[in-house]
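Below is one structure, written out as structure tokens, with a few remarks after it.
The values are calculated or read from the model by the stated rules, or taken from the named source; none is laboratory data. This structure is a prediction, so every number in the text was calculated from the model and none was measured. Cβ placement follows ideal geometry from the backbone for every residue including glycine, while neighbour counts extend to all protein chains displayed.
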Amino acid sequence: MAKQIRASFLFLLFIAVIIIYLYFSEIITDSHFKSIIFAKIIAVLNYILFLILFKISIDKSISKFVLINIGGMVLRILLILALVFIIFKFLKVDEYRFIFAFFIMYFLLLVFELFIVLKSISRKSCGNLRDVIK
């Protein structure tokens, strides 16, 4: 799990460097830069909350594991909706770039979430999925 987390944060650092480079090279405007940065912050916050909740739930019983992770998903989605509403209401951002950047970051980090869950399941079950389902 640590390897996937390290890879995801290296990926996030790489994306941040590219965004900052594009901004200082004046390829993207100030408004676009703010939109992309806010989108990235929300997606990364969602990912960090996943990591915290997953770490808490990994050694629990199956019912508590499911409750923590499904409940955590609901809370994370509500938090994302609230933050997006706040950003659109009170900050001057380019909505289309914000949404586009957010969904790209969200889905890329979702792939890392899936790798972490699949890796932990395969370690826990020693490759036998029936052990995890029971």
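Tell me, please, whether a residue that is in a helix (DSSP H, G or I), touching a Gly at 6+ places or on another chain (Cβ under 9 Å) and of a type outside the set (A, V, I, L, M, F, W, C) can be found in the stretch 61-77. Break it down into steps so the answer makes sense when it comes.
Initially, the stretch 61-77 is screened for residues in a helix (DSSP H, G or I), giving 62-77.
Keeping just the survivors that are touching a Gly at 6+ places or on another chain (Cβ under 9 Å) gives none.
Scanning the stretch 61-77 turns up no residue that is in a helix (DSSP H, G or I), touching a Gly at 6+ places or on another chain (Cβ under 9 Å) and of a type outside the set (A, V, I, L, M, F, W, C).
For the stretch 10-50, which positions are under 12 Å from GLU113 (Cα atoms) and free of Cβ contacts under 8 Å to residues at least 24 places away in the same chain? Correct list: ILE48 only. For SER63, the criteria (1) without any contact (Cβ under 8 Å) to a residue 60 or more places away in the chain; (2) within 12 Å of LEU109 (Cα to Cα) hold in every case but one, which is (2). Among the conditions (1) over 19 Å from ILE5 (Cβ atoms); (2) free of Cβ contacts under 8 Å to residues at least 60 places away in the same chain; (3) small (Gly, Ala, Ser), GLY72 misses just one, which is (1). Taking the criterion of being surrounded by 14 or more Cβ atoms within 10 Å (Cβ to Cβ) and within 14 Å of the chain's Cα centre (by Cα), the residues of the stretch 10-36 that qualify are PHE11, LEU12, ILE15.
Among LYS64, LYS92, which is the only one that is of a type outside the set (S, T, N, Q), loosely packed, with under 11 Cβ neighbours inside 10 Å and at pLDDT below 90? Please lay out each step first, then the result.
Values: LYS64 fails: loosely packed, with under 11 Cβ neighbours inside 10 Å.
Checking each option against the conditions leaves just LYS92.
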